[in-house]
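Values quoted throughout were computed directly from the atomic coordinates according to the rules given, and no laboratory measurement underlies them. Because the structure is predicted, anything quoted here is derived from the model rather than measured. Cβ atoms come from the backbone with ideal geometry, glycine included; neighbour counts cover every protein chain shown.
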DNA sequence: CATAATAGTTATAAGGCATATCTGTTATTG
DNA sequence: CAATAACAGATATGCCTTATAACTATTATG
């Protein structure tokens with residue numbers, strides 16, 4: 001009974017029974033933790049989740065257009081612009097003109113970009129191994145599979 | 001081959017193999033979908049995820065203080081103020097003075113608040129059943145359990 | 001060719017979240 | 001017990017994420 005002290009009004013422990021009945025509640029709580037840890041993990045590389053994700057997709061899809069990238073990231077084009085701006089300014093990627101379509105840019109990672117991504121990605125893998133340390137591979141696979149099966153509903 | 005059209009540069013389908021190796025990536029994608037659907041679900045009640053959550057916790061913990069609520073929701077006190085303001089303005093909750101501690105407020109849901117929450121919560125349950133329709137109860141339990149086992153790491 | 005559609009951009013706004021700071025109030029402690 | 005620390009709530013402020021509207025330049029279409 002360390003510091004029982006002065007319990008203001010009702011319970012010391014807040015009852016969240018109603019919310020715990022919802023899967024989405026657990027998803028949010030878990031993701032908050034993962035996200036916070038990921039932010040710390042990426043900080044040494046001066047990357048945020050969004051810039052890391054964009055860089056990952058550009059590295060894995062050389063020549064990608066901004067519209068494709070925005071679509072893949074599930075964000076709107078205007079919001080992607082500043083992300084691509086930042087990666088370009090840091091010379092991690094280049095915006096090349098597409099000869100066959102002068103409206104579009106072909107995004108490609110530079111050598112520095114690929115190198116930084118390699119290091120950042122290794123850190124992210126370590127971060128995940130740390131966070132999911134007490135979760136065996138089978139459970140981890142089940143978790144991943146269950147999550148990836150959640151899909152948008154068709155609007156009948 | 002419906003609309004193959006004019007494939008700008010590289011693939012039609014963006015390769016996110018690297019990202020798919022991370023559980024957090026699947027968590028974010030899945031949560032985005034759940035969150036978007038939840039927003040639509042709560043709209044008829046003029047609730048957002050945060051106001052719904054706050055209301056749920058106040059209904060389930062009558063007399064809760066704002067500090068306790070903020071801590072339970074994992075947000076900072078200043079951000080809770082506006083949420084509680086909104087619920088109070090809509091007369092879904094009341095801020096009662098705590099006689100034993102004149103600094104604190106005891107939050108309690110009004111009858112209208114409890115009624116609205118009842119309806120909203122039923123809608124949220126329906127929303128989850130819809131989203132997780134193709135997931136059997138065992139998988140759903142495994143998912144919930146795996147998610148709730150993700151914990152903040154001790155900073156050795 | 002006129003019009004629509006597309007790629008990228010700019011401007012703008014709203015929501016979510018954090019920090020610093022302030023006012024009262026309560027707790028601690030020398 | 002008076003001085004100080006700690007706490008509850010509130011205000012101000014700023015950053016990040018995301019969305020929409022509207023603009024330019026270019027390409028596609030009827």
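Descriptive notes on the structure:
- Taking A:143, A:64, A:116 in turn, the Gaussian network model of chain A (Cα-Cα springs below 10 Å) assigns the largest fluctuation to A:143.
- Peptide A:54-63, shielding by other chains (average Cβ, 10 Å cutoff): 3
- Contact order normalised by residue count of region B:34-128, Cα under 8 Å, 6+ apart, percent: 34
- Between copies, the label points at residue B:96 (set 7 angstrom from Cα along Cα-to-Cβ) are spaced 7.0 nm, reported in nanometres from shortest to longest.
- Estimated inter-spin distance, residue B:43 and residue B:85, nm [label 7 Å along Cα→Cβ]: 2.6
- Average other protein chain Cβ within 10 Å of Cβ, residues B:12-20: 5
- Taking the convex hull of Cα positions in region B:4-133, its mean projected area over all directions (nm²): 12.0
- Label 7 Å beyond Cα on the Cβ vector: residue B:142 copy-to-copy distances, nm: 0.4
- Region A:28-98 and region B:29-45 have their alpha-carbon centroids 24 Å apart.
- For the residues B:99, B:44, B:62, a GNM of chain B with alpha-carbon springs under 10 Å puts the largest fluctuation on B:99.
- The alpha-carbon positions of region B:95-145 define a convex hull whose volume is 124 Å³ per residue.
- With R₀ set to 51 Å, the beta-carbon distance separating residue B:14 from residue B:97 gives a calculated FRET efficiency near 0.35.
- Teacher prompt: residue A:122 distances to equivalent labels in other copies, 7 Å Cα→Cβ, nm: 5.7
- Tilt relative to chain A, helix A:49-60 - C-alpha long axis, 0 to 90 degrees, to 10: 40
- Counting every alpha-carbon pair across the protein assembly as shown, the share separated by more than 25 Å comes to 60%.
- Report summary: the helix-based calculation at 222 nm, which adds -39500 (n - 2.57) for every DSSP H run with n ≥ 4 and divides by the residues of the protein assembly as shown, gives -18000 deg cm²/dmol.
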